[in-house]
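Each remark here refers to the structure printed beneath this line.
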Amino acid sequence: MKIISAILFRWPSDEKTPKVLAKVFDVSSFGFFQRSTVKQWAVFFSSTIIERTKTSQRQSVAENDYICHAFVRYDGLSGAAICDKEYPSRVAFSFVNKIMDDFASKYSKVWDKENQKFDTTDLESDLEKFQDPKSVDKLTKIQKELDETKIIIRDTIESALERGEKLDTLIDRSEILSNSSKQFYRTAKKQNQCCIIL
Amino acid sequence: MNIKQVFLKFYQILHQEKINEWGIIDKQDFPNLNFDPFYLETKKLGIPLEIMTSIHLYATKKLIKFKTINEKSSNDKKLQKIDQITLAIMFFNPLNYTAFNWRRKLLLARKINLKKELKINKICLTKDPKRSELWIFRKWMILNFILNNPNDLDLQQFILKELNLSGYCSEIYPRNYHSWTYRNWISKHLSIPNLIHQELNQNMKNWIQSHVSDYSGMNHRQSIINWVFLQENSSLETKNAILIDEINLNHNLLIQFPEHESLWHHRKFLFLKFLNINQIQFNQFLIENQSVSKNFDKDTIAIYIEKDIFNQKEFIHLDKVIQNEIVLVDYCQNLINNSQFQNSKADLPISYLIWVSQFVVLKMKDLNLIGFDEILKLINKKMEKFPNPKIYWNSFTFEKK
């Protein structure tokens, strides 16, 4: 069971799309030459889900073998963690909570201002720590009940999209994915295979 | 560089450089990297797509010209050319059986180096862990050259390295049928103490704990256990020790991850095995209504087994086994019901309990043990708390004696 990525976004109510504040990845379980594509896909998946998550809401969206756990806070700070299907959801949300709280307290006045590069060493060490849910579970059990927010669970990205939106168009228009990733997605779909990266 | 030079450079790189992984690159994505025409850094070989297709085409055309050559009568120069050509084809198109067969002939005639071939096969597998032809070729090489001449190298060490390779391939591509069957085959060539210690306790334990819903790992453990039990020199004590370790491991995982079906299936196997290899005793009057205890003691399972001093045989207390299963199922079902993350696997613990009761009643009938009613009463009491599984309950039929 593993966490692939943890990405923090800034998404105040007056802006159209969420902006990435900081991102960390653990792609060691993928082949060397697939890693950049996996990272792109992780950012794409996370931002698509965050964009479709309402304020003060939690959402878990599954796609093939991975689940994106997303949380949008009341003030616009949002976090998304992509884990595989074995990683316990409760620990995943505790992880997202923790990185968001830590980030907000470290950069309290600064994170909602325009483009800045943030230091990711804390994020990286948290990601590494949480790769073993057993060892962190004792800490997170104290925080047993995540506040009363109900968690929406979805089986596919498509179910998270709004009416009329299609995943194909989103991928085509995306600036995050490189041309070859898009091409790969198109050919995989034509041949009716599931994307190997996913 | 023209195509012939690229082709020769490819052969040279594979033989001289240290590589542990290769992959296909789209040049557009990596404008900053140095292609010469290959990308080779930190032991990773990247081959641009256009180059791959041109090398493959060139090699396939050349191979056709060598149709009539016999590997025993030809001169070395021609055979070296065939070596270069078939290497390129094997890399880029493992479906071309002619190339593989040529390499087999070259190996048998000792024209190419076996260790180098195994290394190259490993590099191919890092990109295509699912290609059956590569696994079959590897198995062929080991069967024909290594298992037949075990004096050349330390066989046990070699096998452990092979297990690492299989583990790596299973990690990149989960539920990889070929790498698991290969692992199964080759681990059976380990000596038994090594097998139990390395495979069950060291290598695979971590795997199981971090891949809880991957049933291939558990299936592998089951086949190892079966294989060990088939060996004539394994005593009942060692068998029970192995099983109890496994049951404890499964137990600890279940109380953390009760919603994973593969763990419950594995438990069914363990339960069956445990009952099959031991004699069974059943004490009706020992069935009591136990309160659910949240502290699971490792040693509680050990007390199921008792030695009959006169006959020197071991037997298990079936009633205690069932009580433990009921307590476990109760705990897991409560965990699932109280979680915010409800899903369709919510009835797994209860279905397991029903399976246990069905099996146990049948087994007790076989052995003429009496006490079905007691078990059913106890299980019924637990079931009343969980209304849904009455659907399963209706399918449960038995004859009261």
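The values are calculated or read from the model by the stated rules, or taken from the named source; none is laboratory data. Since the model is a prediction, treat every value here as computed from it, not as a measurement. Neighbour counts run over all protein chains shown; Cβ positions are idealised from the backbone, glycine included.
Worth a mention:
- Boolean, B:H178 is over 30 Å from B:N337 (Cβ atoms), modelled with pLDDT of 85 or more, part of a helix (DSSP H, G or I) and not hydrophobic (A, V, I, L, M, F, W, C): yes
- For A:D75, the requirement of being acidic (D, E), assigned by TED's automatic domain parsing to the domain that holds A:V20 and part of a helix (DSSP H, G or I) is not met.
- Scanning the range A:78-96 for residues that are in a helix (DSSP H, G or I) and over 12 Å from the mean Cα position of the chain (by Cα) turns up A:S89, A:R90, A:V91, A:S94.
- Residues of the range A:107-138 that turn out to be over 15 Å from the mean Cα position of the chain (by Cα) and either among the aliphatic types (A, V, I, L, M) or under 15 Å from A:R10 (Cα atoms) (or both), as a count: 13
- Scanning the range B:5-30 for residues that are more than 9 Å from chain A (Cβ to nearest Cβ) and without any contact (Cβ under 8 Å) to a residue 12 or more places away in the chain yields B:Q5, B:Q12, B:Q16.
- Among the residues of the range A:157-185, those that are in a helix (DSSP H, G or I), within 14 Å of chain B (Cβ to nearest Cβ) and surrounded by 12 or more Cβ atoms within 10 Å (Cβ to Cβ) comprise A:S180, A:S181, A:K182, A:Q183, A:F184, A:Y185.
- Residue list for the range B:166-187, filter: under 19 Å from A:Y66 (Cβ atoms) and either within 12 Å of another protein chain (Cβ to nearest Cβ) or buried (at least 21 other Cβ atoms within 10 Å of the Cβ) (or both): B:S170, B:E171, B:I172, B:Y173, B:P174, B:R175
- Scanning the range A:101-114 for residues that are surrounded by 17 or more Cβ atoms within 10 Å (Cβ to Cβ) and assigned to a helix (DSSP H, G or I) turns up just one, A:F103.
- Qualifying residue in the range A:59-72 (condition: over 13 Å from the mean Cα position of the chain (by Cα), outside the structural domain of A:E158 (by TED's automatic domain parsing) and assigned to a loop (DSSP other than H, G, I, E, B)): yes
- Close Cβ contacts (under 9 Å, 6 or more residues apart or on different chains) running from residues in the range B:31-49 that are touching a residue at least 60 places away in the same chain (Cβ under 8 Å) to residues that are surrounded by 17 or more Cβ atoms within 10 Å (Cβ to Cβ) and part of a loop (DSSP other than H, G, I, E, B) comprise B:L45/B:I19; B:L45/B:F38.
- In summary, helices (runs of 4 or more DSSP H) completely within the range B:293-401 and bearing 1 or more residues that are at pLDDT 70 or above, under 26 Å from B:N248 (Cα atoms) and within 14 Å of chain A (Cβ to nearest Cβ) occur at B:318-337.
- In the set (1) under 30 Å from B:I196 (Cα atoms); (2) without any contact (Cβ under 8 Å) to a residue 60 or more places away in the chain, B:N113 fails one condition alone, (1).
- Once the range B:251-292 is narrowed to residues that are part of a loop (DSSP other than H, G, I, E, B), modelled with pLDDT under 75 and polar (S, T, N, Q), the residue that is nearest to B:N380 (Cα to Cα) is B:N289.
- Hey, B:L190 outside the structural domain of B:I123 (by TED's automatic domain parsing), farther than 25 Å from A:G31 by Cα and either crowded, with 16+ Cβ neighbours inside 10 Å or in contact with a Ser or Thr (Cβ under 7 Å, 6 or more places away or on another chain) (or both) or not: yes
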